[in-house]
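The values are calculated or read from the model by the stated rules, or taken from the named source; none is laboratory data. In this text the structure is predicted, and so the values were computed from the model without any measurement. Neighbour counts run over all protein chains shown; Cβ positions are idealised from the backbone, glycine included. All accessible areas refer to the heavy atoms of the entire protein, side chains included, with ligands and DNA or RNA removed. Shrake-Rupley method; radii C 1.70, N 1.55, O 1.52, S 1.80 Å.
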Amino acid sequence: MRRWAAAAAALTLLPTIGVAETLETTHLFGFTLGSDVNDVGEKEAESESTGRFGKAAGSYTALSQQLSVKFVPFQDFSIEPGVGVAYHDMFGVPGVDDRQQMAFDAVSLEMRYRILNREHSPFGLTLGADPHGGRVDDLTGEPVDRYGTDFWIIADKELISDRVFAAFNLFYQPEASRLGATGIWEHQSQLGTSAAMALQVHPGVFVGAEARYTRSYDGLAFGTLEGNALFVGPTFYARFSERAWVSAAWNAQVAGRAVNAASGALDLANYERYQAKLRFGYNF
């Protein structure tokens, strides 16, 4: 927490910008998404880095890096194609082969449609979908052919004008993958929710916190429950100018359980001990 406080203090030196004109809540809340959609005709380049760290034993690091460009062809609708790579470094993790590799992973096409504009309605409401295909298993790093779509219901609200914002997400993430070594298809899905709040501590600089609860299933339509996990942690957001911004989040698993685990207060079979996200964006 000291690092987050130091970063916020340092960024109070940033020049004041017209927050009311430039603030977009899309990435204000860390992993949790906001409902805003860019203006018609606007383009935005984004870099998104995601890290997952720690299992029950051994050493485990999984990183992904995605580059994307967002387009807004008409009012309240955005489309964002992206490509990504994945890095895995693991040793001594039960049930997972030792591996150190970087590989081209995924292509995606995120789409968002805003139903309610928070500036003219009691709250903002957006529906989102992100079809994607990948070449690497998220957990093990093994070669696979995987296909899935993430679906979101995104709501947010400005609780105190230009000061306090809150968001709520509901998400469903079905995915099918074919193992490269065996050709066998596997199906899994995630169902979860998240909530977050962000406080403006300086014009264009926000600190906050979020909580995420997710359940893992064997099967596309909520088959057999495999485990669940609760993550909580701090978030940070800052605008460097009217065009450039940065967003960061660090989440720790504080509760959970794998269904087949003999004991333990966390689910470290389906999830990691820590998860982090870092985003940079530039509007043009």
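List the number of the failed condition for Val246; all other conditions in (1) of a type in the set (Val, Ile, Thr); (2) open to solvent by 50 Å² or more (accessible area, probe 1.4 Å); (3) within 24 Å of Glu48 (Cβ to Cβ) hold. Every condition holds for Val246 apart from (2).
Is there a residue in the stretch 206-218 that is open to solvent by less than 10 Å² (accessible area, probe 1.4 Å), under 15 Å from the mean Cα position of the chain (by Cα) and not aromatic (Phe, Trp, Tyr)? Yes, the conditions are met somewhere in the stretch 206-218.
Would you say Tyr87 is under 21 Å from Leu191 (Cα atoms), touching a residue at least 12 places away in the same chain (Cβ under 8 Å), part of a strand (DSSP E or B) and open to solvent by 30 Å² or more (accessible area, probe 1.4 Å)? For Tyr87, the condition - under 21 Å from Leu191 (Cα atoms), touching a residue at least 12 places away in the same chain (Cβ under 8 Å), part of a strand (DSSP E or B) and open to solvent by 30 Å² or more (accessible area, probe 1.4 Å) - is not met. Tallying residues that are touching a Leu at 6+ places or on another chain (Cβ under 9 Å) and either of a type outside the set (Val, Ile, Thr) or surrounded by fewer than 17 Cβ atoms within 10 Å (Cβ to Cβ) (or both) within the stretch 138-147 yields 3.
Applying the criterion of being free of Cβ contacts under 8 Å to residues at least 60 places away in the same chain and open to solvent by 50 Å² or more (accessible area, probe 1.4 Å) to the residues of the stretch 54-63, the residue that is nearest to the chain's Cα centre (by Cα) is Leu63. Considering the conditions (1) over 15 Å from the mean Cα position of the chain (by Cα); (2) open to solvent by less than 20 Å² (accessible area, probe 1.4 Å); (3) under 23 Å from Glu24 (Cα atoms), Gly233 is excluded by exactly one of them, (1). Of the residues Asp105, Asp130, the single one that is touching a strand residue (DSSP E or B) at 6+ places or on another chain (Cβ under 7 Å), without any contact (Cβ under 8 Å) to a residue 40 or more places away in the chain and either surrounded by 17 or more Cβ atoms within 10 Å (Cβ to Cβ) or under 17 Å from Tyr172 (Cβ atoms) (or both) is Asp130.
Residue count for the stretch 186-213 satisfying the condition of being more than 17 Å from Ala249 (Cα to Cα) and either in a strand (DSSP E or B) or aliphatic (A, V, I, L, M) (or both): 8.
When the stretch 245-284 is limited to residues that are more than 22 Å from Ser47 (Cα to Cα) and basic (Lys, Arg), the one that is modelled with the highest pLDDT turns out to be Arg273.
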